[in-house]
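Asker: This is the structure, below, for whatever I ask next.
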Amino acid sequence: MPEMQQQRAPDPAVLLNMFDVLCVGHASYDVTMSVAHHPGPDEKTAADAMNLAGGGPAANAAVQVARLGGATAFCGYLGNDILGEAHLGELAAEGVDTSLLVRGVNPSPVSQVLAKPDGSRSVVNYKGDTAWLAADAVDFSALQTKVLLFDGHEPLLSVAGMAWAQANGMVTMLDAGSLHRGTRELAPRVGYLAASAGFAREFAATDDMQLALQRLREQCATVIITLGNQGLLWASSGGSGSLPAFKVSAVDSTGAGDAFHGALALALAREMAWPDALAFASAAGALSCTRLGARAALPDAAAVSGLLKQSDSGACRP
C-alpha cells in the first residue's frame, strides 16, 4: 500500500490512567441518511433525515465504553483535515483518550450510510490512498490496559499490539465484522472472537451457524457469533449456548456491532459473570438500533441498565 507520512503518537508513558479498554483500529466520518427504500439504477431519492458524526468500529467501541462509564482510549489514524478535526473533537468530548491517535497528511476515511425503514443499512466506505499504520507507529510498551479490542482494520499495528498483549497476559478481543487480512490474521490469536454472521459464514465456508461456531472454536478459546435480531451463539471451553435479541423498535442498525463489542469488552474488563456480560453487551447493541446514526445511538449506562431491568421484570424479554 502507499507509504504515508505519519506523526508518531506520544509516548504512552505520559499517560496517567489505567484503561479498562484500549480500542485499536478504524476511525471514519459517517454521513448517514434515512431513505424509504434503496435507490435503484439511475434513481434519485430524497432522504427523510441525516446524521453527521464520527464513526468506525474501534472508534465507536471506544465511545461506547466511555458512555458506559469505562476508562478508554482509541488507537488509530485520522487525517489532518476538517473531518479529522471534527472527529478528534468528538472523541475528546466523549472522554476518550486520544494520546495514541496518529495524524497524517492522507485523508480521514469517510462512510456513506443509507438506513432503511426496517432498520437495515447499506454502507459505502472511502479510504483513498490512506495506508495502514506501520507496526511501530505506536509504542505499546508503557501502556496499562485491562482489555485490548481490535477491529482488524490496522493489521500491521494490531499484530504488534497483539504480541505485546500476549507477552503481558492481557485480555484480547476481536470485532470480526467482515473477513479481510486483519480479521483473518487476528482471529486465531485473540482470547475472545466476536464474529458477525457474515464473517462466520465466509471464514468457516458454511451457512450453518452451529457448524461455523464449531469451526471458529477450533481457532479461538471463546467465540461469539452475533445474528442481528436473532440474537447470538457462543462457545468456549466452559460450554456453549445462545441468547435471543432484545425486542426494540429498530430505526438503524448501523453501529449495533460496535456497541455490542465495546460493551462486551468493558464487561470483560469488569470481570462480569459470562451470562451477565452477554446480556449487558446485547442490551447495548439493541438500544443502538433505536436511533439514526451509529455514534448518536450508542447508549449510556442508564439506558442499558433500564433495558436489563425491564427484561428482568418481564416487561422487555430478550
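Asker: With each run of n ≥ 4 DSSP H residues scored as -39500 (n - 2.57), what mean residue ellipticity at 222 nm is computed for the chain after dividing by its residue count and rounding to the nearest 500 deg cm²/dmol? Please list the in-between numbers first.
Answerer: Details: 10 runs with 105 residues, N = 318.
Helices in the chain give a 222 nm mean residue ellipticity of -10000 deg cm²/dmol.
Asker: Compute the distance in nm between two label points, each set 7 Å from the Cα along the Cα-to-Cβ direction, one at Ser305 and one at Met272.
Answerer: Taking the simple label geometry, Ser305 and Met272 are separated by 1.3 nm.
Asker: Below 8 Å, C-alpha to C-alpha, sequence gap of six or more: please give me the relative contact order for the chain in percent.
Answerer: Details: 768 pairs, mean separation 59.1, N = 318.
It comes to 19 percent, rounded to a whole number.
Asker: Take His37, His26 and order them by how many other Cβ atoms sit within 10 Å, fewest up front. Walk me through the numbers before you get to the answer.
Answerer: Working: His37 11, His26 25.
By the 10 Å Cβ count, ascending, the order reads His37, His26.
Asker: Starting from 0 in steps of 20 Å, tell me what percent of the Cα-Cα pairs of the chain lands in each bin.
Answerer: All Cα pairs, binned at 20 Å, distribute as 35, 59, 6 percent.
Asker: For the pair Val124/Arg291, report the inter-label distance in nm, with labels modelled 7 Å from Cα in the Cβ direction.
Answerer: For Val124 paired with Arg291, the spin-label model returns 2.7 nm.
Asker: In nm, to one decimal, how far is the Val105 label point from the Ala142 one, both placed 7 Å along Cα→Cβ?
Answerer: It is 2.9 nm.
Asker: Using 0.36 nm per residue of separation minus the Cα-Cα distance, give me the extension gain between Gln230 and His180 in nm, one decimal.
Answerer: Details: separation 50, 0.36 × 50 = 18.00 nm, distance 2.45 nm.
Length gained, Gln230 through His180: 15.5 nm.
Asker: For a label point 7 Å from the Cα of Met18 along Cα→C-beta, name the residues of segment 60-91 whose backbone N is under 18 Å from it.
Answerer: Inside the label zone: 69-73.
Asker: Additional query: Out of all DSSP beta bridges in the chain, what portion is antiparallel? Express it as a percent rounded to 5.
Answerer: Counting only bridges with both partners in the chain, antiparallel ones make up about 40 percent.
Asker: What FRET efficiency comes out for Glu43 versus Asp312 if R0 is 30 angstrom and r is the Cβ-Cβ distance? Round to the nearest 0.05.
Answerer: Details: r = 46 Å, r/R0 = 1.55.
Step by step, r from the Cβ atoms, then E = 0.05.
Any read-out appearing in this document is the output of simple, stated calculations on the displayed coordinates, not a laboratory observation. The model shown is predicted, which means the values in this text are computed figures rather than measured ones. We place every Cβ from the backbone using ideal geometry, glycine too, and count neighbours over all the protein chains shown.
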